[in-house]
Amino acid sequence: MSGNTLGKLFGVTNFGESHGPAIGAVIDGCPPGLELDVADIQLELDRRRPGTSRHVTQRREADEVEILSGVFEGRTTGAPIGLLIRNTDARSKDYSNIVDTFRPGHADFSYWKKYGLRDPRGGGRSSARLTAPTVAAGAVAKKWLWHTHGVRVRGYMSQLGPIPIAFESWEQVPENPFFAPNASIVPELEAFMDQLRRDGDSIGARIEVVAQGVPPGWGEPVYDRLDADIAHAMLGLNAVKGVSIGSGFDCVSMRGSEQGDELGPDGFLSNHAGGVLGGISSGQDVRVSLAVKPTSSIRIERHSVNRAGDPVMVQTLGRHDPCVAIRATPIVEALLAIVLMDHALRHRGQCGGA
């Protein structure tokens, strides 16, 4: 199975299955000398960890990371960094009823058609469980970006289902389970999710991620555009069905006199481009917005077929996030950090500098 590595000079290879003994990542290309220990990575994993509130899956995974290689006496050596996260709370019996059937909206059917077999336990390789190693690798990228370039990557939820969430402050984001930048709306979000769980259904959401302090010049002009690589990485995240940079789809209704970011002696006067011009960073904040679909695994019975092609009704049991986007903020931060670090190293390789 190919397609498990993200990045060129800063490469992250993801491995494992949802109900296997462990999951993990191998980071290749991290420069030597970066101060790094388990606590740096664990901090990010704890933000994504399941079972942290009643609004997410109740699978109880500690997500304790082990650094297997690439770090000596608290500093990266330049060798591949091996990261391991053991699975400790898998309940494979919950998936016994879907061994021969396909869940609507899930990867069951397409995996079976491509590989001729599939691991039905928790979705196997297609599970959102595999985002934990991404977050672990992203923690390394976030730290390097901050210490080397002063780049800060942060995200938040801007909409839960039909409920828009107005941005008030970054300080409020870590204070609630939704990563909402607005504390006053949290009771409404909680009530909405409580009813959704009673209904046995799921919902989508919108996530915003922002990189501040990105210097101008990162990215390539044609096939490896910075915004194209960001979109590629984000669409590789489970359940993401739409990615926009800057004004995104809103630019359809804008005129050129509005959308084109004017410049003055002190810099740009707006940021509709989302910090990327011609595939290269402009020095403004890199702003990305993602649409995350409703969770495909729900308790409501739905029409499908079995492997013989016979019609069946499918109900997904087990423990699932009624809104996978609730835990997505640390993941999209990690993905953006990985792409930015990769492009920072590529820029350094071609043009010099830090």
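Laboratory data are not the source of any read-out in this text; all were calculated from the coordinates shown. In this text, all values refer to a predicted model and were calculated from it rather than measured experimentally. Cβ placement follows ideal geometry from the backbone for every residue including glycine, while neighbour counts extend to all protein chains displayed.
Size descriptors for the stretch 193-323: radius of gyration and Dmax over Cα atoms are 20.4, 68 Å.
Treating each Cα of the chain as an identical point scatterer and summing with the Debye formula, the log10 of I(q)/I(0) at q = 0.10, 0.11, 0.12 Å⁻¹ comes to -0.64, -0.77, -0.91. Tell me, which longest segment in the chain has none of the GluC sites (Glu not before Pro) that fall in DSSP loops with at most 11 further Cβ atoms within 10 Å? Value returned for the longest uninterrupted segment is 74-261. Taking Cα centroids, how far is the stretch 250-273 from the stretch 4-38 in Å? Centre-to-centre (Cα) distance: 38 Å. Helix 131-149 and the long axis of the chain differ in direction by around 10°, with both axes built from C-alpha atoms. Distances between placed amide hydrogens fall under 5 Å for SER158 paired with ARG206, ILE207, GLU208, all partners being 5 or more residues away or on another chain.
Ordering LYS113, LYS293 by the number of other Cβ atoms within 10 Å of each residue's own Cβ, fewest first, gives LYS113, LYS293. Taking other C-beta atoms within 10 Å as the exposure proxy, MET254, MET341, MET234, MET313 rank MET313, MET254, MET234, MET341 from fewest upward.
Classify the stretch 232-283 as rounded, prolate or oblate from the Cα gyration tensor: take a ≥ b ≥ c as the square roots of its eigenvalues, call it rounded if a/c is under 1.5, otherwise prolate when a/b beats b/c and oblate if not. Verdict is oblate for the stretch 232-283. Helix 329-351 sits at what angle to the longest principal axis of the chain, using alpha carbons and giving 0 to 90 degrees rounded to 10? The helix 329-351 is inclined about 40 degrees to the chain. In a fully extended conformation the segment linking PHE249 and ASN4 would gain 85.3 nm over its present Cα-Cα distance, using 0.36 nm per residue. To the nearest 10 degrees, how steep is helix 226-235 against the longest Cα principal axis of the chain, on a 0 to 90 scale? That helix lies at roughly 10 degrees to the long axis. Put in order of Cβ neighbour count within 10 Å, fewest first, the listed residues SER282, SER184 become SER184, SER282. An oblate overall shape is assigned to the stretch 69-227, the ratio a/c of its alpha-carbon gyration tensor axes (a ≥ b ≥ c) being 1.5 or greater and a/b not exceeding b/c.
Here the stretch 175-205 is scanned for amide nitrogen atoms under 13 Å from the site 7 Å beyond the Cα of ILE300 along Cα-to-Cβ, giving 196-204.
Here's the list of aspartates and glutamates a cross-link from LYS8 could span, going by alpha-carbon distance under 14 Å and ignoring same-chain residues fewer than 8 apart: ASP28, GLU220, ASP224, ASP229, ASP342. Across the stretch 144-190, the convex hull enclosing all Cα atoms gives 85 Å³ per residue.
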